[in-house]
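Have a look at the structure below, then the notes.
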Amino acid sequence: MTSEPYLLTPGPLTISMRTKQSMLRDWGSWDVDFNSITGRVRSRLLDIVHGAGTHECVPLQGSGTFGVEAALGTLVPRGGHVLVPQNGAYCQRIARICRILGRQLTTIDYAEDQPVAAADVDRALAADPSITHVALVHCETSTGILNPLQEIARVVAARGRGLIIDAMSSFGALEIDARSVPFDGVIAASGKCLEGPPGMSFVIARRAALERCENNCHSLALDLYDQWVYMQKTTQWRYTPPTHVVAAFDSAIAQYLEEGGLAARGARYAHNCRTLLEGMTRLGLRSFLPAAIQAPIIVTFYAPDHPRYAFKSFYDAVKARGYILYPGKLTTVETFRVGCMGQLGEKGMGGVLEAVAAVLAQMRAGS
Ligand SMILES: *Cc1c(COP(=O)(O)O)cnc(C)c1O
């Protein structure tokens, strides 16, 4: 075991040594070398969704939520009306942002083990022509459920409304193709499936939609239109960029491309997820979601059915064996989560299973 545990969490996650080492240099934010890094990161992110020529990548300082708030505030006009299908905590966060920003809000509420149904979205849009946008979470990281993006995007486009996608925990691992999935904005961040450090979010916006967004935003710092226009004009960030994070993210994206891009990253996480599910089943642990709606990103497990189980001591014991688990986020049942993302070292998911098996054995033996 190393002294630094592996993170089985959906961001921050364990990044490669090469990515860490790329943070050892200081960059001037005005310098052409740094700004060419920003330019490369933007164009490579755009390429991941095949958006070159039609879409724009606008980076923003801050964690993923800053990007979500900026996208809603910029892409939805003040008189806009947002439909949020809700099946987890990140959907609820979007709804909360809409309320705080004073954007009219309608929700469709689901249980946390039910995927959003395109037919429900279609019905809601047909019933209320004042709805201007749908805000969808692609992979709901609070459980790991996958929402059917393609079907929903088709329905939203057919009704002539805008789609804003929180693809925070899917971008780079699960396909989103701007040529076949119509959207106004896709939001993600540096510290998720692209395996950079946390600290930078970005929004891929359809250019024709973004061009109409001047003065929409309630906020100066979160105004993506302003950030975009300034960056186009100067190649620079409007305010101090997280230089070390951008440089490390650039390195992480280079490694992503070397690994084989989306297909390889998605396959690695899917393999991790399968190994995890099979191994945990052998250990007697049950996953919260059926396989058909489980995204290969993060898995929610029911807590072991044992009188001596407590998350805190389970967490501490697994951590002592080199792995950081993630608490559950369900209110009604006791669960914990295991991420499938990040650099899991030579043993990969097998090491995680060994650690969990040893701790469960200890717990059951009563020590
Ligand atoms: C990580 C994540 C976010 C952003 O959370 P931050 O804590 O701000 O990074 C938003 N939506 C989803 C689905 C996420 O997984």
Build a GNM of the chain with springs between Cα atoms under 10 Å: which of ILE108, ILE324, ILE97 gets the top mean-square fluctuation?
-> ILE108
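Nearest-5 percent of antiparallel DSSP beta bridges in the chain?
Working: 23 of 42 bridges.
In the chain, DSSP labels about 55 percent of beta bridges as antiparallel.
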Using θ = phi - 60° and the Karplus form 6.51 cos²θ - 1.76 cosθ + 1.60, what ³J(HN,Hα) does each residue of segment 45-60 get, whole Hz, x for Gly and Pro?
-> 5, 4, 5, 4, 9, 6, x, 4, x, 10, 10, 10, 9, 10, x, 9
Candidate cut points under trypsin sites (Lys or Arg not before Pro) in segment 1-108, DSSP loop plus at most 13 other Cβ atoms within 10 Å of their own Cβ, are ARG25, ARG78
Per-residue Cβ neighbour rank within 10 angstrom, fewest leading, ASP223, ASP113 = ASP113, ASP223
Which of THR332, THR9, THR107, THR300 has the fewest Cβ neighbours within 10 Å, and the rest in rising order | THR332, THR107, THR9, THR300
Hull volume in cubic angstrom per residue (convex hull over the Cα atoms of segment 17-258) = 111 Å³
Protection-proxy order for peptides 173-182, 188-197, 333-342, each taking the mean of Cβ atoms within 10 Å per residue, highest first | 188-197, 333-342, 173-182
Using Cα centres only, tell me the gap between segment 204-274 and segment 98-145 in whole Å.
-> 24 Å
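What order do you get for TRP237, TRP30 when you list them from fewest to most C-beta neighbours inside 10 Å? Intermediate values should be presented prior to the final figure.
On the way: TRP237 22, TRP30 11.
Lowest count first: TRP30, TRP237.
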Report the dimensions of segment 11-145 along its three principal axes from the alpha-carbon atoms, largest first, rounded to Å.
-> 53, 32, 30
Considering lysine pairs in the chain that are 8 or more places apart or on different chains, how many have Cα atoms under 25 Å apart?
-> 11
Karplus couplings for segment 79-96 from phi (6.51 cos²θ - 1.76 cosθ + 1.60, θ = phi - 60°), rounded to Hz, Gly and Pro as x?
-> x, x, 9, 10, 9, 10, x, 10, 9, x, 5, 6, 5, 5, 5, 4, 4, 5
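Helix-only mean residue ellipticity at 222 nm, the chain, DSSP H runs n ≥ 4 weighted -39,500 (n - 2.57), per residue, nearest 500. What is it?
Working: 12 runs with 148 residues, N = 367.
Computed ellipticity for the chain at 222 nm equals -12500 deg cm²/dmol.
Any read-out appearing in this document is the output of simple, stated calculations on the displayed coordinates, not a laboratory observation. Please read these numbers as outputs of a predicted model, since none were measured by experiment. Glycine gets a Cβ as well: all are built from the backbone with ideal geometry, and neighbour counts include every protein chain shown.
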